[in-house]
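Here's the structure, in structure tokens; my notes come after.
Please treat every number below as a calculation from the coordinates, not as lab data. These numbers come from a predicted model, not from an experiment. Cβ atoms come from the backbone with ideal geometry, glycine included; neighbour counts cover every protein chain shown.
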Amino acid sequence: MRTAVIAITRNGARLGQKLRESMTGTELYVSGRYAGQAGSVRVCFEPAELKSTIADLWKKYDGFVFIMAAGIVVRMIAPLLESKETDPAVVVMDDCGTFAISLLSGHLGGANELAERCAFICGSRPVVTTATDVNHLPSFDMLAKEQGWLIDDISQVKQLNTLLLDEEEIAIVDPSGTTRCWLHGRCKASYYDTFAEAVRSQARGYLFVTNRYLPPQTLPANLLILRPRNLVLGIGCNRGTPADEIEAFVSSHLKRIFLSAKSVCCIASAAAKSNETGLLEYAGRLGARFRCYDSEELNQVRFPSPPSAYALAAVGSAGVAEPAAILASGGNRLLLKKVKSENVTLAVAELKES
């Protein structure tokens, strides 16, 4: 975690120096008059520049430790807040280092863990107020974070965590079994093989772990969907094909076979496409890795569609979308054989379970 420590007092500067020395990836920012108390600092700022300094740094760090009054921090960061999914972790420490308070993004942002680290380093008392933590219960946002799953609708996390705290029945569908192991009997949960069975249970809440696209009109209330990142897209395209065109084509076919783009973890293509702007941009939108294979690797793969003379002439392999998807998935079978438009070819595979 890249962390900025910001201090405005003499004692704060000393505490900040201790944190900077003990936590990798940490940079210290102090009020200019106390720079001599803090050893090597990233930047000194004047007291009147505190608000603008925080605003300038806000998007550059994963976490912040403010050594100052919590009220100051609340007023300074309030205009900068956007979303539980994107806001950085915020920890506040007092000038004497008595408390390390997790103030913002305790779970997804990692502020609870950051507060614990700061407390350990400085001999402080960590203050964590998230309800699931103080009740020694799991939380579904932490489940998603630890497993690397995407949360389909962040607003549903609060609903499901509340049901968990209130010991209400939650119906769970998770073919991988990960959720059952993770919860380990710590909440009132029932497990089902299918979505229909879960909905018929008339539980108070529902958790579905799936890469399937579920039409909104079919979904019950109080449903949290977590998306495992286990889909691979094999894509070939003509040079210069824009990301919007690629995305529209892929989205239409994923929806047709009831798969969610939020579960895509990798886009795979031929080495000749390693600098293809449209593919790179689309991978960035999905937060997916972009892997390319040379023609020799692609030609070693057995794939279902007939060889393509066009691909052979363009990139030196008998196919792109299907063999690339198979390679990137670890050799798993295709969920979607090659489909093509004027400019794009697509095949879909699921990661092979280890």
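In debye to the nearest 20, how big a dipole does region 211-319 give about its Cα centre with +1 on each Lys and Arg Cβ and -1 on each Asp and Glu Cβ?
480 debye
At a 10 angstrom cut-off on C-beta neighbours, averaged per residue, how do the peptides 118-131, 259-272 rank from highest to lowest? Can you show the working numbers first?
Numbers: 118-131: 16.9, 259-272: 22.8.
Final packing ranking: 259-272, 118-131.
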Charge dipole (region 231-350, unit charges on Cβ, about Cα centre) - positive-most of 312, 242, 347: 347
The chain: relative contact order from alpha carbon pairs under 8 Å, six or more residues apart, as a whole percent, is 10 percent
Using 30 Å as the Cα-Cα cut-off, could you pick out the over-long pairs in 158/352; 145/273; 145/352? 158/352; 145/273
Pairing the Cα long axis of helix 243-256 with the longest principal axis of the chain, what angle in degrees results, from 0 to 90 and rounded to the nearest 10? 70 degrees
Quick check: the angle from helix 10-22's long axis to the longest principal axis of the chain, C-alpha only, nearest 10 degrees? 40 degrees
I'd like the antiparallel share, as a percent to the nearest 5, of DSSP beta bridges with both residues in the chain. 30 percent
Helix 277-286 versus the longest principal axis of the chain: what is the Cα-based angle in degrees, 0 to 90, to the nearest 10? 60 degrees
Sequence of 151, 235 once ranked by neighbouring C-beta atoms within 10 Å, starting from the fewest: 151, 235
Are there trypsin sites (Lys or Arg not before Pro) in region 230-261 that DSSP marks as loop and that have at most 13 other Cβ atoms within 10 Å, and which are they? 239
Straight distance only, please: which aspartates and glutamates reach the Cα of residue 84 with their own Cα at less than 15 Å, same-chain residues fewer than 8 apart left out? 62, 141, 152, 153
Quick check: from the Cα gyration tensor, does the chain come out rounded (a/c under 1.5), prolate or oblate? oblate
Among the GluC sites (Glu not before Pro) within region 47-90, which fall in a DSSP loop and have no more than 13 other Cβ atoms within 10 Å of their own Cβ? 82, 85
For 180, 291, which order do you get if you count the other beta carbons within 10 Å of each Cβ and list the fewest first? 180, 291
